[in-house]
Structure formats: structure tokens, C-alpha cells
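No lab work stands behind these numbers, since they all come straight from the coordinates. Only a predicted model underlies this, so the values are computations on that prediction, with no experimental measurement involved. When we count neighbours, we look across all protein chains shown, and the Cβ atoms used for this are built from the backbone with ideal geometry, even at glycine.
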Amino acid sequence: MTNKKSMELNPWAGLSGPNLGYVLEQYDLFVEDPDSVGSDLKELFITWGSPEEAVQLNNIAGEISAGQTRTPGVPMSTDMMKKVMSAVQLVENIRAYGHLAANIYPLNEVPKENDVIKLSNYDLTDEDLKKIPAELLSPYLPASIKNGLEAVQYLKESYSKTIAFQFHHVNDLEEKYWLNEMVESGNIFRTLSSEEKIGLYKRLNEVDSFEKFLHRTFVGQKRFSIEGLDTLVPVLDEIISEAVQSGTESINIAMAHRGRLSVLAHVLGKPYEAIFAEFQHAPNKDLVPSEGSIGINFGWTGDVKYHLGADRQIKEESTVKARITLANNPSHLEFVGSIVEGFTRAAQDDRSNPGYPSQDDEKSLAIIIHGDAAFPGEGIVAETLNLSGLKGYKTGGTVHIITNNMIGFTTESEDSRSTKYASDLAKGYEIPIVHVNADDPEACIAAVELAYEYRKKFKKDFLIDLIGYRRFGHNEMDEPLVTNPQMYNLIHKHPVITEIYGRKLTESGVLTQEKASAIKEQVDAKLKEAYGKVDTKNKKETPDDLVPPETVEHGLPKVDTSVSLDTLKQINNELVQWPKNFKIMKKLEKILTRRLDAFNDNGKIDWAQAETLAFASILGDGTPIRITGQDSERGTFAHRHLVLHDYETGNKYSPLHTLSLAKSSFAIHNSPLTETAVLGFEYGYNIYSPETLVLWEAQYGDFANVAQVIFDQFIAAGRAKWGQKSGLVMLFPHGYEGQGPEHSSGRLERFLQLAAENNWTVANLSSAAQYFHILRRQAAILTMEEVRPLVIMAPKSLLRNPLTSSSPGEFTDGDFKAYIEEPLLGKNPEAVERIVFTTGKMAIDLSDSLKDKQDMDWLHIIRLEEIYPFPFEEIQNFLTGFKNLKEIFWTQEEPKNMGAWSFVEPRLSTAAPEGVKVDYIGRKRRSSPAEGDPTVHKKEQQRIIDTTLTRK
């Protein structure tokens, strides 16, 4: 048994006589053949080693039995054994519950010793502990600790000071022993030199003086001050320093608005003058350093200063070149965490070769800064934590920091969570937790040391609960004494961190009062100098017009999305080849090999095959692809099958990984049952690797509304607010098929309501070829300025509907079309009196119903494939070709207040020839998207079709 395991209750410790003899015999058998003993004993032998250790433990304990003489090898007395076991249990409880007696709250008195770690509750006295060797209780103690009493006192201090630890929920023994060793050996408490301490003091002065300067200079303006948690800045400094020195090339930070300006200024290096200019509403882009080390994001409509992000390049000779990114974030607090995880995974993945990307988790580090009310309060946190161990999403360990000011807006902790600590959610994911008093900067540095070393060794998440307070109200215009009088009476009496740490350094002789004053004067002078650079005299009276760049306004360029017939045939043949001994289900094999017929005479390519051909050809062009979603490997509707399974071995294989023409990686992952965090992750992945075609697929379009924050705040508006470009593709299975209100609608209307300034493309397609071309177009524009996200209302039943299949010629010669004419109609334009516009599945339902109709020259149907941007000029010109047109209808299967009607009606009315009325056919306005009864659905659907196809 190793020293580490001696800390735990040894299962062999109580063995003696025949019992010990039996176990020793079993151990000899185990050594020869581990499977020759029972599974319970086998597990114990693997974990605890030889039972001979029990004899040694008895000997050690026997030697300390007071007043007893003993014969070597004879077990200790029962009383002494109980004392030893009690001492071991006491030490375990100190480790587990020492945090309850720790001095981790700046505003509160040090808590009294908790009953769980009181000596008297274990029937132990000081004299009993003195008789127990220290190494029996912990093998990690300093050499100066000689006996059990000194060991217990040392461990109580180690686990109950201004830094406290929660590791007991970590089940992996190696991790737990390592964490205990780091604390009990004192390895995390690096001795800072006098120079380092003065540097830390200066850094805290920069933060404190910056906040005070803003407070007195810009009276009454919101800034969401960091004061009370000033040590966040040196904590971030230390994490970044450790990472960069280890060779990390990118550090990605997520945080809400509290303290953001100080982090921008001091960690990202955003110039003071640029921040001051934002308070003055003066132009500030010229105040960014010309060497380009700072990247500050601007959109055309912009955002408030405490939502903005920045990039910083580190180019010091002693380190690798590194990039630090603070992600843009709206007021939705925790949602940006999933996006930063996506940033980080994208930075770690090498997508340059076929197959899955190769991941190097040392290349990038995620730091997510949480609020104490938001961490337990917002479900996105749990969703994001759940990604940390999943192969498609893990990033080799994230450092989480809760900036814990013990309050959320005006709500104190007792009303904002049901747990003792804000961090308790992390225990469910076995994340080690350190609670640290933000008024002790050196303890905070020790917390970072432990967090980074743990991440480096175990590639897992770590959480620092940085406990401080909030110097002012939620914003600087609030008066917190109105709602939180007791807390703020304490805060108003509490000294700031620079006073506390400055006093400590002067008392220890590290810092003189003169030196402290000089540091403060130097910092204040720098702030005044920066303020003087802000030109408020030439401030524009009226702001610039909020106009998108020309590349955005002018729409997408024309791109060739066709693929040669020979290339498509080669791809198609390779897609139905798998390793010689790989055995897939016969039924699936038959389905897949049937695709070979698509290029024969009169052959057709269905939706799933078109998607696979698009992916393969995009890989051939050198564009990496990543697609995730619930059940995306197979496809919700069992149509995709891009990951094949050997039905005997369970091995997996993807034909897209072995294509001869592939030049880049193809990643496909089944996601957890999560919409918000996964969509945020994929958006972040795409932002950080814009050359990659990233797709997120909702299981059903209806479920996507769970992720509405990501659509609203980031994907739709990110470029206008922050200049943040994205080419993310989102697939929302959509269509009314009698499956009820939760399996019908992808909420098309919501994406159209958000559509403006060419912020994305919204499509509802009716053919496999159209899907092929729009995917290839999206891949082609990824690195262009014109890039935008793509929203597709994806099919369900249409996946297998023959009317959506396309001929090979439509792939080799065609391109994407914003609208398509119904092929069975429109042959005699002069006879057309009614034109019906429709989209998606409704267009196919109408087309299917036309098969048995005759004398329909009076009608024409147009399938609107790209709803936004609306092809206004093309539609307007098209309508001029029908001289006898009397009426235009929009037909949809969604209720009138949903779907595309509200969006297309004013556009169709404007495009319509003079005197031609535009009207609606479809379901009436409803509060629920669809009927629950399939019979009622079928009847209503038929009514819409009949009304559309019947002449008045």
C-alpha cells in the first residue's frame, strides 16, 4: 500500500489471526492470476495492495500504546485501534469540512470551529494524538511535524484559513490524493519575493485608482465597478502568465459586465483613453495603439462599453506568441461561457487533415468568470459544465472563477440559492473547488497555482470561488442602503484592498510608506495623462448614420456551386465503401448501396444523399466541416448515417474520413440533450475558426426556442453590435405532418422577425439540389466579408418524398435559386389569373395534389426558397410577365400569426402589379402552432390545399 492510501481507512487494518491468514493466501493467488479470486477481493487488492501492510500498521500502532509492552507482530489493543481510527476519521473530516471554519468572508468574523472537526467529538485528547505518528495521518506533512497532535493542528490551519478547499466530492482517487498532497505539503503556497509582492501591490493600486478615477470623473454613469473583488485582475494575470509560459497560444475569457472595464484595461490592455472616450461619447477608434496589439470590436450599431470584448497579442521574446480574447457579451451573463468553450476547442483542433480533427488541449485555455447569483441561478451554467467531459466538446479543463460579491442586484444569497455556496453546482461534475478571501491577494495567487497545476495534470475543470463584496450598488446610480442596509453598513466601514495589503507589506518591512505613496502618485499621473488625450471639444454633435458596410448591404456574390459529373460519381462510389471486415446491418447496407443507382438513367438523388455529396465536395475544396446536434450522426429521422457501426464489434467508421479527394477534417458528434449550450459552443467554434463550415442541427425545429438567447443576442445581432462575423449553419426540422404542436414548427416567423441588414439567410427549401447548392454556397463565402449565418427550415417527411429528389444534372449544371416555378404549371402565362407563393413542404403538398388536376392554366405556383433576403426585384420583374393576373395569394401551413405571412405580405404587396390584391390562405391565427389530433390536422391541411387550387 502506498503512503497516499495510508490516509484512508485501510480495509486490512482490522485483520488478524485466521482472517489475515486467509486474505494473505488469496493475495498470493491474485499475484499469480488476478482472475482466480472473487471480484470483491480482486478490486481490494488492486486498490490497496498486499495485506502484509496490515501487519505493519498494527505494529506501528502497537508501538504507541501507552504503558503497554508488546510483542512484535501482536495486534494493538482494541482501545488503541479505536483511537487511531478516530484520528484518521478526524483528519478526513478536516479535509472534507475544514472550509466551514475558514476565514473566507471579508465582511464577516472568522467562524468558530465547526463541530465536525472538534477533537472532543472523536473521544480524542491531545495526549492521545501525541502518541500517533504524524505520517499515519498524512504522508505529505512537512518534516517539522512530529506527531498526530501537531499534524491535526497543522491540517486544521491548512484547510481553514483565508483559502479553503472542497475536494471530497472528487471520486477519482489519484486526483483526490494529488489535491490533498498539494494542500498538505504546502506546495501551492509559493513564497513571493519582495519584488513580486510590491508588483502585486502596484497592480491592485492600478485597479483601485482606475475605478476611483471613473467614479469621480464620470459621476452617475454606469460602469459596474470591480471594487470589492479587485484581486480578480492579479488572479487573471497569474493564470495567463502560467499558461503562456507553458506554451499556450490562446487564452479565451468569458465574463459578464461586473468588473469588465477593469479587465479590459488591465488584462486586455485596452487604453485608458479609449475607455474614457466612451464615457465622454467622443470618437475613440483613433485611440487604439497603431501597432495593432489590441483588437477592439465595432459593429455599426454598437453596444454599451461594458459589453464590448477585445483581443490582445502577447509577443514577448521569452514566451510563445499568444492571443488573449475577452468575448463580447450582452447582459445575459452566463450564456457567453458556452461560446468561449467553442472558441477554445476551435483553437485546439487541427483541421488540416482528413478524419476527425486532432486536438491539442495545451494550445488554448478557457477562463470563465461567473457571478455568484448567476452560477446557481442560470441553467446554461449546468449545460456548459456538462460539456467538459464529452469528446466532441471537451477543452482539456476550464478555469472557472466565481466573482462572489454575496449579492445579486439587490437579492442576498439566502434568497438566490438553496445551497450553502454559490459553487455547489460544480460538485455534481466532480470539479475541485477552492474558496478564497479576496482580501488576501497571496492566498488568491495560491488558488491559481492549484487550479492551473490541476488543469495541466488532469485536463479537467477547476473552480475558484473568489469571495469579496460589491463596494457600490448594482450600478453606481443605485443606493444599496435602501435594500441591503446591514451588508452596506459593513461595506462602508471596510477598508479597500490596497489599504489592507499595503498595511501588511509595511508591517513586514517589504514596503515603506514613501514607496506606497510614490506608487499611487505614479498610477494617478498615468490616468490623468490618458484623460488629457481625449478630445471632447471636437465631439460630433450627431452620430454617424448606423449603416452596415457595403459588403454587407450589397448581398452575396455570385459563386459557382456546381460539381462535375465525374467528381460526383467518384464521391458516390467511395461513400458506399467500407473496410473489408466491417459489418454493417444488412438493411442499412441495402439502403446505402441503392444510392449507386442515382447516377444511372433516370436516377434521382434524395435529400440525405445530396447532403453527403455536398459535404464530400466541400471537403474536396479544402473546407473543414463540423456538424453536431442530438442524434446527428444517424440523423433524427434515420436518414444521414454518416457514422456507421459494426454490428458485431461496435466499431465506428465514417466514409467521409477516407475520401480520396478530402483535404480537410470532418467532425460529426451526437450532442447532449442540450440546445442552448451546444448552439453557443458551435457559434463560438465558428467565430474562432471562420474557415470551417459549422452546422448545428435541432432534433426538431420546435425545440430550438430553448436557445432563443443565442439567436437573439449573438447570432442575429453580433455583427451589428460588435463586428463579429459568423457563417454558422442552423438546421430546423419543420413541417406540419400531424405530429402535434411540439413537432411541427421550427418557428420560422421568429427568424424572419429578427431578419434585417442582411444579418442572415433564411431558407425553406423544396428540393435536394437546392440544399446541395446552398450548402456549397455557404462554404464558399465563409472567409468573405459578405459571410452571414444560414437558417434552414429542414425537412422531415420530405426527406423521403420523391418530389424533392433531383436529377444529377441539377448538381452538375445548376445553382441555388431564390425561387422556383412549379414545373407542372405556368406553361401559358397569358392564361394565368392567380399566382400562389408558398414555401417548403406546403409547396410539395400542392405539387403532389396537382398530379390529378386538369385545366389549371389559370394558376401558377411559385416556391419561395430564400425568404430572407427577399428577392424583391426578381419577383417584381417576374410578375410583369403575367398580363391577365388578377390575384396573388400566399399559402402556408402555419397559423396566420406564424410562418412567413407577416414578413412576405408587405413585400409581395409592393412587388405586385397595380390593382392586383395580395391575400392569405392558411390556418387562422392560433396561440398554439399546430393541432394535436392528426385527423383534425389532415382535414385542415386538405382545406388549405383545396382553397389554393380551386378557382373562385
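Some observations on this one:
- Residues of type aspartates and glutamates that residue 580 reaches as a straight line, Cα spacing below 17 Å, ignoring anything fewer than 8 places off in the same chain: 589, 646, 648
- Three-way shape call for the stretch 633-684 based on the alpha-carbon gyration tensor, with the a/c threshold at 1.5: oblate
- Exposure proxy order (Cβ contacts within 10 Å, fewest to most) of 531, 688, 140: 531, 140, 688
- With respect to the chain, whose longest principal axis is taken over its alpha-carbon atoms, helix 934-949 is tilted by about 40°.
- Take the Cβ atoms of residue 481 and residue 514, set R0 to 30 Å, and the FRET efficiency comes out at 0.20.
- Value of Rg/Rh across the stretch 194-533 [Cα atoms, Kirkwood radius]: 0.95
- The lysines whose alpha-carbon is closer than 18 Å to the alpha-carbon of residue 851, local same-chain residues fewer than 8 away aside, are 827, 841.
- Computed Kirkwood radius, in angstrom, where 1/r is averaged over Cα pairs of the stretch 761-895: 15.9
- For the stretch 194-533: relative contact order, % (alpha-carbon pairs under 8 angstrom, 6 or more apart): 22
- Stretch gain in nm, segment residue 833-residue 89, where the contour uses 0.36 nm per residue and the Cα spacing is subtracted: 258.9 nm
- Rg over Rh, two decimals, the stretch 78-185 (C-alpha only, Kirkwood Rh): 0.97
- By the helix-only formula, in which each DSSP H run with n ≥ 4 contributes -39500 (n - 2.57) and the sum is divided by residues, the chain has a 222 nm mean residue ellipticity of -11000 deg cm²/dmol.
- Placing dummy labels 7 Å off each Cα toward the beta-carbon, the span from residue 855 to residue 567 is 5.0 nm.
- Cα long-axis angle, helix 676-688 against the chain (0 to 90 degrees, to the nearest 10): 80
- Cα-based Rg / Dmax (Å) for the stretch 419-573: 27.9, 82
- Neighbour net charge for residue 673 - beta-carbon separation under 14 angstrom, K R +1, D E -1: -4
- Using the Stokes-Einstein relation with a Kirkwood hydrodynamic radius computed over Cα pairs, the translational diffusion coefficient of the stretch 565-813 at 4 °C and a viscosity of 1.567 mPa s comes to 70 µm²/s.
- Net charge contributed by nearby residues that have their C-beta within less than 12 Å of residue 128 (K/R +1, D/E -1): 0
- By the equivalent-ellipsoid construction on the alpha carbon gyration tensor, the stretch 819-949 comes out with semi-axes of 24, 18, 12 Å, ordered largest to smallest.
- Relative contact order (%) - the chain, alpha-carbon pairs under 8 angstrom, separation at least six: 10
- Burial ordering of 173, 326, 661, 790, fewest other beta-carbon atoms within 10 Å first: 173, 661, 790, 326
- Cα-based Kirkwood hydrodynamic radius, the stretch 750-802, one decimal, Å: 12.4
- Structure-derived volume of the Cα convex hull per residue in Å³: which label, when the choices are (i) 242; (ii) 290; (iii) 219: (iii)
- Shown here for the stretch 383-445: trypsin sites (Lys or Arg not before Pro) in loop regions (DSSP other than H, G, I, E, B) with at most 13 other Cβ atoms within 10 Å, namely 391, 420.
- Candidate aspartates and glutamates for bridging to residue 515, where Cα separation is under 13 Å - those fewer than 8 sequence places away on the same chain excluded: 195
- Which listed pairs, of 161/270; 212/321; 83/156, have C-alpha distances above 25 Å, in listed order: 161/270; 212/321
- Close Lys pairs in the stretch 369-501, defined as Cα atoms under 24 Å apart and 8 or more places apart or on different chains, number 15.
- Charge tally around residue 375: other residues with Cβ under 11 Å, Lys/Arg +1 each, Asp/Glu -1 each, net -4.
- Pairs from 569/817; 202/528; 112/504; 82/112; 202/504; 590/652 whose Cα-Cα separation, in the structure shown, is over 20 Å: 569/817; 112/504; 82/112
- Least to most buried among 375, 681, 816, 189 (fewest other Cβ within 10 Å first): 189, 816, 375, 681
- Kirkwood estimate for the stretch 539-648, i.e. one over the average of 1/r between Cα atoms, Å: 17.4
- Axis angle, to the nearest 10 degrees, between helix 78-97 and the longest C-alpha principal axis of the chain: 40 degrees.
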